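Okay, so here's the structure we're looking at.
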Amino acid sequence: MINVLELTKRYGENTVVDRLTFTVRPGSVTGFLGPNGAGKSTTMRMMLGLTRPDAGSARIDGHAYHELRYPARHVGALLETSAPHRSLTAAHYLQWLAQSNRIDRRRVGEVLETVDLAGAARRRIGTFSLGMGQRLGLAAALLGDPPVLVLDEPVNGLDAEGIRWLRELLRTMAAEGRTVLVSSHLMTEMSMVADRLVVISGGRLLAETGTSEFIQRHGRTYVRVRTPEPGPLGRELERSGATLTLASDGSLEVDGMPAAEVSRVAAAGGLALDELSTHTGSLEDTFLGLVSRGDRSTRV
């Protein structure tokens, strides 16, 4: 479990992380979301002992990262700023990590196989593509078979096949009871892999909740209507208190009224309907709306 309590970081007069508190629990993938400059990377660096907080704490299973004797056996980490020496081969780099953390050297071959880099084990890291470098970073994170994973933008550089592979890997890790925290700017991907969300903006917590609950609570739900008589139907719906938006395809988007009530209004006016469906906004739309409003939400 990861516990972040009142975590704060300032650079001069700029507060990057502001009394941030949240918990990442085992058995699920938690997405760590926020706009650029929200403080996500700084928070992760403080979790991993790379940046000293001005106040508050981050604990992994009750311990600060620097208290872990062999950290790679407890926490698998991938940060955007992580960069092994380019002159090393992939195998030598992982062997060095294994030796420094008292990890069986056989794990090097296993994780290279897992991330599909077994054939590049003797290649120098400086010759790797961006995607290969990202896979190597994931191999390093998995090397100690850790119960906790902290991954900052892990899909960067991966192709579609690699992204799908990573999605399945993260879900497998969570299903095994591990604690998985992942930051990403790819909202579609987060909606497919994250069970829970921690959303921050300006270094402050906006929401800590399940993904579906987040969309239901903060997203837009509307009714889409297609009719051969949009003008008359629109006037009837507005008289009944609904708010309408004319979509680019000619359909009506109805806010503030459930589909059943829209149907009753249309039937009362003798107006035909070609489509009547309820829609909920995407994770991306919900996230952008929440951040733009700057809401402070209670946890679910």
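All of the numbers you see were taken from the coordinates with simple rules; none came from a lab. What you see is a predicted model; the values in this text were computed from it and never measured. Positions of Cβ are generated from backbone atoms using ideal geometry, with glycine treated the same way; all protein chains shown enter the neighbour counts.
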Among H85, V17, Y222, flag the residue with its Cα farthest along the positive direction of the charge dipole of the chain, charges on Cβ as +1 for Lys/Arg and -1 for Asp/Glu.
H85
Sites D255 and S129, calculated FRET efficiency, Cβ-Cβ separation with R0 51 Å, nearest 0.05
0.65
Stokes-Einstein D for the stretch 3-49, Kirkwood Rh over Cα pairs, 37 °C, 0.692 mPa s (µm²/s)
283 µm²/s
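Summing -39500 (n - 2.57) over the DSSP H runs of n ≥ 4 in the chain and dividing by its residue number, what mean residue ellipticity at 222 nm do you reach, to the nearest 500 deg cm²/dmol? Don't skip to the answer; put the middle values down first.
Details: 10 runs with 103 residues, N = 300.
The helix contribution divided over the chain gives -10000 deg cm²/dmol.
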Let's see if you can work this out: charge +1 on each Lys and Arg Cβ, -1 on each Asp and Glu Cβ, no other charges. What is the dipole magnitude of the stretch 114-235 about its Cα centre, in debye to the nearest 20?
300 debye
Of the candidates Q99, Q216, Q134, which one comes out as most mobile in a Gaussian network treatment of the chain with C-alpha springs shorter than 10 Å?
Q99
Once both labels are modelled 7 Å past Cα along the beta-carbon direction, what's the L273-R220 spacing in nm?
2.0 nm
In a Gaussian network model over the chain where Cα atoms closer than 10 Å are linked, find which of V115, V265, V223 has the largest mean-square fluctuation.
V265
Two-decimal ratio, the stretch 59-105, of alpha-carbon radius of gyration to 2.2 N^0.38 Å:
1.29
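Could you work out the per residue convex hull volume over the alpha carbons of the chain, in cubic angstrom?
Taking the convex hull of the Cα positions in the chain, it is 158 Å³ per residue.
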Where does the charge balance sit around T243 when Lys and Arg score +1, Asp and Glu -1, over other residues with C-beta under 14 Å from its C-beta?
-1
When the chain is treated as a Gaussian network with springs between alpha carbons less than 10 Å apart, the largest mean-square fluctuation among E261, E13, E168 is found at E13
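Run the dipole for the chain about the Cα centre, Lys and Arg Cβ at +1, Asp and Glu Cβ at -1, nothing else charged, and hand back the magnitude in debye, nearest 20.
Details: 35 positive and 34 negative charges, 273 e Å.
With Lys and Arg at +1 and Asp and Glu at -1, about 1300 debye.
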Going toward the positive end of the dipole of the chain, with +1 on Lys and Arg Cβ and -1 on Asp and Glu Cβ, which of H185, T245, L283 do you reach last?
H185
Placing +1 on each Lys and Arg Cβ and -1 on each Asp and Glu Cβ in the chain, then taking the dipole about the Cα centre, the residue among G137, S263, S201 whose Cα reaches farthest towards the positive end is G137
